[in-house]
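To start, the structure itself, in structure tokens.
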Amino acid sequence: MAEPTDIGTILSRGTATVERGRLKFFSKAIGEDNPIYSDESAARDAGYRGIPVPPTFLFCLNSEVSGSGNTLSILKLDLARILHAEQAFTYSKMVHADDVLQFETKVADVYDKKNGQLHFVVMETAVSDANGEAVAQLRCTLVERRNG
């Protein structure tokens, strides 16, 4: 079980490239029909330097970089008892197709509610571009149900 002493622990680090084909597939999967998310010309005509990343796409890339099974193992959480309770995104810079991104995920908080029956783990991921400039901050909260 994750403990308050785990706050600050780095869970994962890695690099991912934003691939055009995956962006198009993701946009289609979420029902996004705005052509800026699938057509380079439409994106440029709209003022972007390339196909922009839909707001929640970085969650997918971070999941690949972190290997969610590995994260659960490090945090000693039982997959059968957890729920992805919350996800938040704060962007500081636009991300586009072909960008190379760095991800670093840390434990931000660990706490219990309902007399320990609900165990919360908050993770924050710093995302930066190839120049080391901040692109986004992802915040994910998992809750594990316990027998009390």
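The values are calculated or read from the model by the stated rules, or taken from the named source; none is laboratory data. Here the structure is a predicted model, which means the values were calculated and not measured. Heads up, the Cβs are rebuilt from the backbone with ideal geometry, glycines too, and the neighbour counts pull from every protein chain shown. For the accessible areas, the whole protein counts, side chains as well, though only heavy atoms, and no ligand, DNA or RNA atoms are used. Shrake-Rupley method; radii C 1.70, N 1.55, O 1.52, S 1.80 Å.
Can you match percent of Cα pairs over 20 Å apart to one of these, (1) 52; (2) 63; (3) 56, based on a calculation from the structure here? Among (1) 52; (2) 63; (3) 56, the one derived from this structure is (1). Label zone (Ala126, point 7 Å along Cα-to-C-beta; backbone nitrogen cut-off 19 Å) within segment 98-115: 100-110. If R0 is 30 Å, what FRET efficiency do you get for Asp45 and Phe89 from their C-beta distance, rounded to 0.05? Efficiency at R0 = 30 Å is approximately 0.70.
For Lys114, the lysines whose Cα falls under 21 Å of its own Cα, not counting residues fewer than eight places away in the same chain, are Lys76.
Tell me the per residue accessible area of segment 1-98 using a 1.4 Å probe; a whole number in Å² is fine.
On the way: 5760 Å² over 98 residues.
Accessible area per residue, segment 1-98: 59 Å².
Counting only residues at least eight positions apart within a chain, or on another chain, the lysines with an alpha carbon under 29 Å from that of Lys28 are Lys93. Shape verdict for segment 1-83, please, from the Cα gyration tensor: rounded (a/c under 1.5), prolate (a/b greater than b/c) or oblate. Judged from the Cα gyration tensor, segment 1-83 comes out prolate (a/c at least 1.5, a/b above b/c).
Taking each residue as 0.36 nm, the span from Ile10 to Asp109 lengthens on full extension beyond its C-alpha to C-alpha distance by 34.4 nm.
Within the shell defined by Cβ-Cβ distances under 13 Å, the residues around Gln87 carry a net charge of -1, with Lys and Arg each +1 and Asp and Glu each -1.
Carbon and sulfur: what percent of the chain's accessible surface (1.4 Å probe)? Could you put the intermediate results ahead of the total?
Values: 4070 of 8190 Å².
Roughly 50 percent of what the probe reaches on the chain is carbon or sulfur.
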